[in-house]
Amino acid sequence: MRFTGLTIAAAAVILAMAGCRKTPEGIIPPDRMTDLIIDMHKAEGVVDMDYNNWGNDSSKLLLRDAVYKRHGADQAVVDSSLAYYGRHIEEYIKIYDEAIARLQDELDRSEAMGNQNIQIAIAGDSANAWPLARRMAISSVSPAKVVAFALSRDENWQKGDYYTWNAKIINARNQIKWLIGAEYADGILEWNTAESAEGNNAISLSLQTDSTKEVKRVFGYAVTAPTDNDIVYIDSISLMRERVSRQNYQRRNKQQRVVTIPADSTESRK
C-alpha cells in the first residue's frame, strides 16, 4: 500500500472546515491540521523521489511518525482529528484548499527561475518521473479542464521502460477520461486509455513501451468535466517508471497502436 497520511478515504472523510467553530480538546485545530497535511504531502514526495531508500514499510512508518512528532501528534490524535473533520466536511475543504494553495505557491517560487519545458533527468530503475504539481484542484471556472504532461527522452531512458500513472480523485461528479502514450522515433504511437468513476476513487493506468524501439516522448492527459460550483481534486499524482520485465511486457498486447505514414500515402493500419 502506498504511504500516505491522507488516503482517499481519509481525504474524502476530512474534506472540510468551518471558520468559527471551536475545535474540541484532543483534535488538531485547523491551522495545525493544514501544516500537518502539507508536511505529509512533502513526505509522500520524499518517498516517491527516493523510493529505493524509503519504499519499505518500516521506513515509511518512521517518516510518518517523524512528521506526526514534529506537530506534537501521534497516530491516535491524527485518527481522532480525521474522524472529527469527517463530521464537519465544510471545515476540511478550507483546510485542504489552503494546503494546496501553499504547496502550489512553494512550487511556483521554486520554479520561478526555470521554465516549464525544463525536464529533470530521473535516474534509477524505479523512479517517479512526474514533472508537474502532485496535486491539483479543477473547477468549472478553471481556465483548463485538462491535466496533461509530456516528457522528452533523456539519458536515463531505456528501451522497454514501463510507466504507471497514478492519482487519487476526490469529489468527481463525472467520469474522468485518462490516456497515457508513447511516441517512438520511427513515428509509431502507442497508448492506453481508462475512465475513472464518479466520486472518490483512484486511477492507475500503465504503458509498456516497446523493448525494440527508441521512445521519443511519453505523454498523457486526463479530461475532467466539473459542473456548477464543483471542484475536482486530483491528488498524489505520480508517474512511476520501471525497467522492462517479462510480467509487465505481456500487457503490450492490449495497448492501442497507430503507424504514421507518409503524407502521399492513403493507407494506414492499426
(request) Considering each residue of region 212-261, count those that are under 21 Å from N128 (Cα atoms), polar (S, T, N, Q) and surrounded by 14 or more Cβ atoms within 10 Å (Cβ to Cβ), and give that number. (result) 3
(message) Cβ-Cβ under 7 Å, sequence separation 6+ or interchain: first residue in region 223-249 and within 13 Å of T164 (Cα to Cα) and part of a loop (DSSP other than H, G, I, E, B), partner open to solvent by 50 Å² or more (accessible area, probe 1.4 Å) and at pLDDT below 85. Which pairs?
(response) R243/D125
(message) Looking only at region 170-216, filter to residues that are in a loop (DSSP other than H, G, I, E, B) and among the basic types (K, R); which one of those is nearest to the chain's Cα centre (by Cα)?
(response) R173
(request) Output the residue which, of all residues in region 199-211 that are surrounded by fewer than 17 Cβ atoms within 10 Å (Cβ to Cβ) and over 16 Å from I237 (Cβ atoms), is modelled with the lowest pLDDT. (result) G199
(message) Given the condition assigned to a helix (DSSP H, G or I), under 24 Å from the mean Cα position of the chain (by Cα), at pLDDT 75 or above and of a type in the set (A, V, I, L, M, F, W, C), answer yes or no: does some residue in region 21-34 qualify?
(response) yes
(request) Would you mind telling me which numbered condition in (1) in contact with a helix residue (DSSP H, G or I) (Cβ under 9 Å, 6 or more places away or on another chain); (2) open to solvent by less than 30 Å² (accessible area, probe 1.4 Å) W178 fails? (result) (1)
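The values are calculated or read from the model by the stated rules, or taken from the named source; none is laboratory data. For clarity, every value in this text was computed on a predicted model and none was experimentally measured. Positions of Cβ are backbone-derived with ideal geometry, glycine not excepted, and every protein chain shown enters the neighbour counts. Note: accessible area is taken over every heavy atom of the protein model, side chains too, but ligands, DNA and RNA are not part of it. Shrake-Rupley method; radii C 1.70, N 1.55, O 1.52, S 1.80 Å.
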